[in-house]
Protein chains: 4
Amino acid sequence: MWNYKTPGIPDNFFERTEKVPITKEEVRTIQLSKARLSPGQVVFDIGCGSGSISIEAALQIESNGKVIAIDYDLDAIELTKKNIEKFGLSNISVIFGNAKEKIKELELADVIFIGGTGGDTKEIIELCQDKLKSGGRIVIGIILIETLFSVLDILDRLQFGSIDITQVTISKSRKTSKGTMMLARNPVTIISATKT
Amino acid sequence: MWNYKTPGIPDNFFERTEKVPITKEEVRTIQLSKARLSPGQVVFDIGCGSGSISIEAALQIESNGKVIAIDYDLDAIELTKKNIEKFGLSNISVIFGNAKEKIKELELADVIFIGGTGGDTKEIIELCQDKLKSGGRIVIGIILIETLFSVLDILDRLQFGSIDITQVTISKSRKTSKGTMMLARNPVTIISATKT
Amino acid sequence: MWNYKTPGIPDNFFERTEKVPITKEEVRTIQLSKARLSPGQVVFDIGCGSGSISIEAALQIESNGKVIAIDYDLDAIELTKKNIEKFGLSNISVIFGNAKEKIKELELADVIFIGGTGGDTKEIIELCQDKLKSGGRIVIGIILIETLFSVLDILDRLQFGSIDITQVTISKSRKTSKGTMMLARNPVTIISATKT
Amino acid sequence: MWNYKTPGIPDNFFERTEKVPITKEEVRTIQLSKARLSPGQVVFDIGCGSGSISIEAALQIESNGKVIAIDYDLDAIELTKKNIEKFGLSNISVIFGNAKEKIKELELADVIFIGGTGGDTKEIIELCQDKLKSGGRIVIGIILIETLFSVLDILDRLQFGSIDITQVTISKSRKTSKGTMMLARNPVTIISATKT
């Protein structure tokens, strides 16, 4: 079991399946750091995938906080539930369905994470705007060029403040019989901003 | 004032000077996550520079833990002290001097951070080996090719386990009159390992 | 003097000034390779800057080919002229003015290079479309996120084929008293395509 | 058929097999540019793999130049021969065997390329030193940390001049149903130097 209170859970501590991609630990750690979580907060994790961000956020906001994890992929929902059980957490609600419909029914949030490779990130941000408390933080992980552009555009139009764009390229070592080589992972762009 | 309990303090919340480089927030966050800190731990921050790692570690190990920050540069020591004051922390001791001499006098540590651009990282790791508890973590930030090689060599010889090598390349956006450009920061390699 | 016939002229063989940025040699070499130049071709270099791409292209297309270099910055024009003189080339014409007006007056091209950080790359590509021979190549160096998106969009709409998107991140070594560090250069995205 | 005289042959113009890795075109182009080839030169390609560097070098040094391609892997030798035939070149000799033995028997070279993931790059450089003409160029493609360090060390000891270290990280686009994502390739370090 994971018995650390602090962030930085290694990927291999999570249940994983081939079908559902996991946000890799170094990128996840940066995403969490950009959220500036505090105990007691309400957090959305839209496109929760493996649930790894939900788990780490839930630990950081402690038992008086609340994470709401949403995904439209049933495999992702099941995997998130397995991970919640594995980490013994009771402050995460899991919702199966289309984020664009489900967000409307939710309470206000302090922090919203948006992940996934969806083409509808822009619409989701527009919907999140109404659900984010003033001063709340939005953190978006992006791998598509088109999404990067549309997110910049919508954040600008919705007058988000303190927009931070960070492209992260991680290489990890692999030991071979001849020496240590570096294997690159695909670059991820993390955009974070504050609702003004 | 910084009133978040969780990690990810933005760089501009720290006191900074031109003379002392600060480990940038995204790299610092990954270094901290690799340490897997817990409340109550004893942490060394060797080559503490601005003190930013000491500050974040001190928050994570809480008031019953203890950080010992060492630097041989007086400007770094003064800046670390200013940051300790700014964040109102009382669980960080600051030591001015040559780490190779000072380490010997210290108690055992749960986690040791080694930073800086020094050419003597190898000797420092050898000294740290004696001061690190079994199962303790070492986290090293590296920018020199020669240091990268010598650290891999010494960790291997000292039989450290779970050696993780992560090269991090961060680009940050800058808004210009014509659009958003990405500015690259120099790559940093973070090596972490567990004392077996 | 440069007495090589083959590509890969080091940056320090060019005349340079503080005011005019030069496409760095590794990026320039990739841009040139994407153009697939042949002797006798007609080449446009739009936003020629230091003229370094014009020079290398002029060497590759040989004396029966022709480069037309355009820039709206007088410093760039002067620097390009100095470099043409330095390399003793007679197959480069230099045009001072707004590319959007000047392109219309030009003959058909086999290859068009588009550089610079302008916000009007999209319009320039539309104009180039009419001037590019069927099967001709277009090679665009991009540093702005907004330009990257708009270029992808317009190439798609103009039905260019074999679209290749290559992001290049180069780090160069610097020897310090303590060892060899790597200094990152800003990432550049090179898009190349064929007119169908 | 490839009917361009200039460098930058796309990877898919070469015969390829699963067993033999090919130096990707963008990295190959930079390696070739660092060699500063001229017609009539003698070039070694040690660890020739698919033969792609030999092919492009042979085109650049023209029919009065000569490439000697060496590999200890029979699959690489066969593939190189297939590519020589495909490009209809007659100025490449292929040698099957251990470079450390074969180099001794060769004539003097103007340019030496060293590739491959071998652990014996250092010894090969020492042997090459005797076969490289004064003012000749050596270009080494490196993917192992240990090799990077040992190459720097030996070039320094053998008093090579103009040592250039370039780390290249390339990402290529892939179009998905949802948009364009960037796929990273493993970083390669290219070291080039001049025999003094």
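Phi-derived couplings, Karplus 6.51 cos²θ - 1.76 cosθ + 1.60 at θ = phi - 60°, listed residue by residue for the stretch C:79-96: 5, 4, 4, 4, 5, 4, 5, 4, 8, x, 9, 10, 10, 10, 9, 10, 10, 9 Hz, with x used for Gly and Pro.
Cross-link partners of residue D:178 among lysines, defined as those whose alpha carbon lies under 16 angstrom from its own and excluding same-chain residues fewer than eight positions apart: A:122. Every Cα-Cα pair in the stretch D:43-147 was counted, and those over 19 Å apart are 38% of them. In this entry, the stretch A:17-97 is assigned a mean projected area of 4.7 nm², taken as a quarter of its C-alpha convex hull surface.
Shown for residue C:194: label points 7 Å from Cα along the beta-carbon vector, and their distances to the equivalent points in the other copies, 3.9, 5.2, 5.4 nm in ascending order.
Using θ = phi - 60° in the Karplus curve 6.51 cos²θ - 1.76 cosθ + 1.60, the 3J(HN,Hα) couplings for the stretch A:157-165 round to 5, 7, 6, 5, x, 6, 5, 10, 10 Hz; x is entered for Gly and Pro.
Across the identical copies, the 7 Å label point of residue B:90, projected outward along Cα→Cβ, sits 3.4, 8.6, 8.9 nm from its counterparts, in ascending order. Specify the inter-centroid distance of the stretch B:76-120 and the stretch C:115-160, based on alpha-carbon positions, in whole Å. If we compute the Cα centre of each part, the gap is 53 Å.
Amide H to amide H distances under 5 Å link residue A:136 with A:195, where only residues 5 or more positions off or on other chains count and H is placed in the peptide plane.
Using a/c under 1.5 as the rounded threshold, could you call chain A rounded, prolate or oblate? The axes a ≥ b ≥ c are square roots of the C-alpha gyration tensor eigenvalues, and prolate needs a/b larger than b/c, oblate otherwise.
Because a/c hits 1.5 or more and a/b fails to exceed b/c, chain A counts as oblate.
When restricted to Cα atoms, the protein assembly as shown yields an Rg and a Dmax of 27.7, 79 Å, respectively.
When residue B:105 is represented by a point 7 angstrom out along its Cα-to-C-beta vector, the spacings to that point in the other copies are 6.5, 6.7, 7.8 nm, nearest first. When the stretch D:11-194 is described by a simple charge dipole with +1 on each Lys and Arg Cβ and -1 on each Asp and Glu Cβ, the residue from D:47, D:179, D:29 located farthest towards its positive end is D:179. Along the stretch D:17-28 the Karplus relation, 6.51 cos²θ - 1.76 cosθ + 1.60 evaluated at θ = phi - 60°, assigns HN-Hα couplings of 9, 5, 6, 10, x, 10, 5, 5, 4, 5, 5, 4 Hz to successive residues, with x for each Gly and Pro. Where chain C is rotated onto chain D, the residue of C whose Cβ comes nearest the axis, and that gap in whole Å, is C:169, 2. The charge dipole of chain C, taken about its Cα centre with unit charges on the Cβ atoms of Lys, Arg (+1), Asp and Glu (-1) only, comes to about 700 debye.
Could you work out the relative contact order of the stretch D:11-194, using alpha carbon pairs under 8 angstrom and six or more residues apart, expressed as a whole percent? Contact order relative to length: 19 percent. Computed from the C-beta positions of residue B:19 and residue B:101, the FRET efficiency with R₀ = 22 Å rounds to 0.40. Distant-in-sequence amide contacts of residue A:109, defined by a placed amide H-H separation under 5 Å and a gap of 5 or more residues or a different chain, comprise A:132, A:133. Remark on residue B:93: its backbone amide H falls under 5 Å from those of B:67, B:68, B:69, a criterion applied only to residues 5 or more positions apart or on other chains, H modelled at 1.01 Å from N. If Lys and Arg each add +1 and Asp and Glu each add -1, what is the summed charge of the other residues whose beta carbon sits under 11 Å from the beta carbon of residue D:162? Result for the local shell: +3.
When only the Cβ of Lys, Arg, Asp and Glu is charged (+1, +1, -1, -1), the dipole of the protein assembly as shown relative to its Cα centre reaches about 0 debye. Given the pairs D:66/D:131; C:172/D:131; A:66/A:100, which are separated by over 18 angstrom at their Cα positions? In this structure, C:172/D:131; A:66/A:100 exceed 18 Å between Cα atoms. Buried surface between chains A and D: roughly 1700 Å² of accessible area, summed over both sides, computed with a 1.4 Å probe on protein heavy atoms only.
Within the accessible surface of the stretch C:86-196, defined with a 1.4 Å probe on protein heavy atoms only, the carbon and sulfur portion equals 47 percent. The residues of the stretch A:51-187 expose, per residue, 41 Å² of accessible area to a 1.4 Å probe.
The values are calculated or read from the model by the stated rules, or taken from the named source; none is laboratory data. Since we're looking at a predicted model, the values are computed, not measured. Counting neighbours? That spans all protein chains shown, and the Cβs are built from the backbone with ideal geometry, glycine included. Side chains are part of the model used for accessible areas, which takes the heavy atoms of the whole protein and leaves out ligands, DNA and RNA. Shrake-Rupley method; radii C 1.70, N 1.55, O 1.52, S 1.80 Å.
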